[in-house]
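Participant: Have a look at this one before I ask anything.
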């Protein structure tokens with residue numbers, strides 16, 4: 001073909017590339033615009049696809065028609081080499097103004113097409129949206145589920161701000177959770193209490209102490225039942241009376257706030273103390289699942305009780321009046337130790 | 001309503017989290033279950049004074065910051081490519097050693113930036129030198145002591161040392177042993193440093209401070225050079241006596257033939273002028289487009305000569321900025337104006353010079369000769385901007401009259417006289 005003929009033919013023959021989106025619809029796009037996307041470019045070069053309607057390039061799942069339209073707008077502007085940096089920046093600033101949902105979809109689609117400049121642009125925009133917002137605001141913007149438990153929410157932050165009590169609490173929570181899981185495997189009866197994600201601090205601690213299926217509580221009361229059978233009632237009430245001094249001792253020790261000392265001082269006494277209180281103010285609860293804990297050895301139960309007491313005491317070492325309340329009050333209907341951890345009251 | 005963002009690919013989420021200040025990134029851990037540890041695998045950790053906003057009772061910003069950084073490092077999982085701490089609140093503390101040890105152990109760190117408070121010097125532990133993959137190192141207010149068998153950072157491209165205590169030969173060896181080094185910035189070493197730079201790949205060099213001597217021995221690819229050189233006056237005299245034969249100008253610039261921009265401030269012109277005049281230079285700076293020289297003393301004939309030689313060795317110069325220095329102690333006869341006729345090559349023309357800017361002009365003879373020379377030889381000059389100095393106001397009219405007479409080689413040249 002002579003050069004003159006070529007020159008005449010060229011302007012009329014604009015090349016198009018055929019693209020198929022996830023919903024099956026096919027459209028044609030100017031070649032230079034489509035080739036701006038590395039993924040499309042690669043498909044054309046390597047497989048030769050896209051030259052006609054029947055051989056349309058199938059785009060990744062995440063690219064739907066409206067998003068594809070946006071991407072092609074971006075490509076159409078930027079593929080022109082003569083544009084100045086200022087022009088490009090102005091275009092980008094305007095282009096990025098869209099609602100968050102679309103922005104996320106666009107990010108995802110641009111990533112699947114390997115269009116790095118657009119991914120950078122959208123990432124920057126998303127970062128700007130997130131920056132400075134409170135967690136609630138961010139959750140609302142991105143429709144994130146608020147599915148962390150109270151202590152999980154605290155865990156990473158608290159670790160960072162260095163609170164040894166919360167660290168200990170976390171460790172014990174983890175251990176408790178593990179043990180409770182084991183116990184639940186052995187459970188035959190008793191559906192779980194409905195696990196509500198929005199737990200208050202009180203709920204959390206009762207979860208630790210009493211378990212979801214009243215496991216620990218039943219455990220304790222079981223112990224009580226057994227104990228009641230063996231020693232005489234007098235012995236029990238003596239214990240209660242005798243332990244009053246220990247109550248004072250423990251509570252005063254607590255008010256000094258020396259968690260370490262307490263740990264050494266009287267772990268056994270304290271747990272026995274609580275047990276005896278539980279025994280005294282006999283709960284009006286049914287313990288039909290009292291048998292289920294037979295498989296657990298008493299040593300572990302003892303240990304669990306001790307640990308619970310330990311951390312509860314530690315947490316409360318700054319709140320002597322709470323501690324007093326705790327030791328003197330009987331257990332309410334559903335909770336044994338209504339301890340408020342400072343700061344956990346806020347969600 | 002569906003979650004919009006949590007299921008995006010990890011690379012995108014990381015890209016977003018990296019663009020957040022570290023405090024916001026860490027706070028994403030309480031958004032939802034999926035987000036709990038997304039922040040923990042970002043590869044760039046940048047800490048500054050903003051990380052800790054609220055102070056706890058009995059703690060300082062420094063203490064909180066140290067705790068924050070340590071905790072983040074501890075909770076972090078995966079490679080760390082960039083670690084930056086830039087805050088004036090932090091001074092030398094043992095935790096810094098541990099952070100660097102931690103980073104050097106995983107030996108993936110590529111960029112390390114420590115810009116700390118200037119009150120104390122942090123002694124950098126030797127484990128820094130086992131970070132094999134370092135490409136970018138920036139230290140300030142530190143004490144550096146490379147171990148004797150240190151083989152260099154083989155991947156290092158950029159090195160910046162500000163107020164760093166290090167021996168001259170240690171620094172020279174460090175530079176020499178980093179074969180890929182392209183950017184080098186050395187500022188404010190404690191003593192007057194005499195330094196020789198051998199860096200075959202060096203492209204950008206920035207020097208600031210009190211240097212006793214600078215020798216670019218092996219910098220063939222250097223394209224940007226910026227020097228702010230301070231020198232005590234007595235040092236200058238000492239130089240004159242010691243190195244009367246060696247010409248600093250030649251020594252300094254002859255090994256940088258590919259220079260594209262040159263900026264010299266404070267005593268730089270003076271430094272170059274020390275030594276005997278070498279005569280017309282044998283090298284030409286064909287790529288040199290921008291020259292900026294500050295504090296050139298136009299009463300010192302030697303400095304004027306340096307300037308003259310420099311610009312007549314740069315045929316492709318496009319932009320020239322000169323500021324005249326305070327003319328306090330003229331050395332040599334100030335009226336030897338014939339050097340302009342003698343030393344300028346005959347029929348010299350600037351074929352690319354478009355912008356000339358001259359500030360603090362007093363109107364003294366050498367200044368006027370320079371302007372005359374430039375106007376008469378710049379074929380495509382567009383603007384010549386002249387700002388008079390705040391002294392010698394009575395000379396202005398004379399200066400302007402003289403300026404008007406000068407022949408202009410470029411018909412498009414505009415002379416802009418800025419009054420303050």
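Participant: As a test of the formula, what do you get for chain B when each DSSP H run with n ≥ 4 contributes -39,500 (n - 2.57) and the sum is divided by the residue count, at 222 nm and rounded to the nearest 500 deg cm²/dmol?
Facilitator: Calculated mean residue ellipticity at 222 nm is -8000 deg cm²/dmol.
Participant: Taking chain B as the reference, fit the longest principal axis to its C-alpha atoms, fit the long axis of helix B:365-377 to the helix C-alpha atoms, and give the angle between the two in degrees, 0 to 90, nearest 10.
Facilitator: 90 degrees
Participant: On to the next question. Over the whole of B:36-47, what's the average partner chain Cβ count within 10 Å per residue? Rounded to a whole number, please.
Facilitator: Mean partner-chain Cβ count within 10 Å for B:36-47: 1.
Participant: Here's another thing I want to ask about it. Mean separation of Cα pairs under 8 Å and 6+ residues apart, divided by the residue count of segment B:43-189: what relative contact order is that in percent?
Facilitator: 17 percent
Participant: Given the convex hull of the Cα atoms of segment B:192-314, what is a quarter of its surface area in nm²?
Facilitator: For the Cα atoms of segment B:192-314, the hull's average projected area reads 6.6 nm².
Participant: For residue B:338 and residue B:185, compute 0.36 nm times the residue count separating them, minus their Cα-Cα distance, and round to one decimal in nm.
Facilitator: Value of the extension gain: 51.1 nm.
Participant: How far apart, in nm, are two points set 7 Å out from the Cα along the Cα-to-Cβ line at residue B:379 and at residue B:201?
Facilitator: In this crude label model, residue B:379 to residue B:201 measures out at 3.9 nm.
Participant: Could you work out the mean count of beta carbons from other protein chains within 10 Å of each residue's beta carbon in A:135-145?
Facilitator: For peptide A:135-145, the averaged partner shielding equals 5.
Participant: Using the alpha carbons of chain B, what is the convex hull volume per residue in cubic angstrom, as a whole number?
Facilitator: With only Cα atoms used, chain B gives 202 Å³ per residue.
Participant: Among B:299-309, B:4-14, how do they line up by average Cβ neighbours within 10 Å per residue, starting with the highest?
Facilitator: The most tightly packed comes first, giving B:299-309, B:4-14.
Participant: How large is the translational diffusion coefficient of segment A:57-122 in µm² per second when you combine the Kirkwood radius over alpha carbon pairs with Stokes-Einstein at 10 °C and 1.306 mPa s?
Facilitator: My calculation gives 130 µm²/s for D.
Participant: Per residue of A:118-126, what is the mean number of Cβ atoms on other protein chains within 10 angstrom of that residue's Cβ?
Facilitator: For this peptide, the per-residue mean of nearby foreign Cβ atoms is 4.
Participant: Right, another one. Given the peptides A:47-58, B:249-260, arrange them by the average over their residues of other C-beta atoms within 10 Å, most packed first.
Facilitator: Ranked by mean Cβ neighbours within 10 Å, highest first: B:249-260, A:47-58.
Participant: Would you mind getting me the FRET efficiency between residue A:178 and residue A:124? Use the beta-carbon distance for r and R0 = 35 Å, nearest 0.05.
Facilitator: 0.25
Participant: While we're here: How high is the relative contact order of segment B:1-117, in percent, counting Cα pairs under 8 Å that sit 6 or more residues apart?
Facilitator: Over segment B:1-117, the number comes to 23 percent.
Participant: Follow-up question, since we're still on this one. Efficiency by 1/(1 + (r/R0)^6): what FRET value for residue B:400 and residue B:319, r their Cβ-Cβ distance, R0 = 25 Å, to the nearest 0.05?
Facilitator: 0.60
Participant: Ranking request for peptides B:178-187, B:140-149: highest mean number of other beta-carbon atoms within 10 Å first, then the rest in descending order.
Facilitator: B:178-187, B:140-149
Participant: Step by step: find N for segment B:43-189, compute 2.2 N^0.38 Å, then divide the Cα radius of gyration by it. What's the final number?
Facilitator: 1.03
Participant: Provide the FRET efficiency to the nearest 0.05 for the residue B:2-residue A:168 pair, computing r from the beta carbons and using R0 = 51 Å.
Facilitator: Rounded to the nearest 0.05, the efficiency is 0.85.
Participant: Also, quick follow-up: Can you give the angle from 0 to 90° between the axis of helix B:233-242 and the longest principal axis of chain B, with both taken from C-alpha atoms, to the nearest 10?
Facilitator: 70 degrees
Participant: Contact order normalised by length for segment B:134-286, with contacts defined as Cα pairs under 8 Å and 6 or more residues apart; what percent is it?
Facilitator: Dividing the mean separation by the residue count of segment B:134-286 yields 16 percent.
Participant: What distance in nm lies between label points placed 7 Å from Cα along the C-beta direction at residue A:32 and residue B:41?
Facilitator: In this crude label model, residue A:32 to residue B:41 measures out at 4.1 nm.
Participant: Treating the angle as unsigned and between 0 and 90°, give the value, to the nearest 10°, between the Cα long axis of helix B:94-106 and the longest Cα principal axis of chain B.
Facilitator: Computed tilt is about 80 degrees.
Each reported figure results from applying straightforward, stated rules to the coordinates on display, with no laboratory input. Please read these numbers as outputs of a predicted model, since none were measured by experiment. Because the Cβ atoms are built from the backbone with ideal geometry, glycine has one as well, and the counts that use them run over all protein chains shown.
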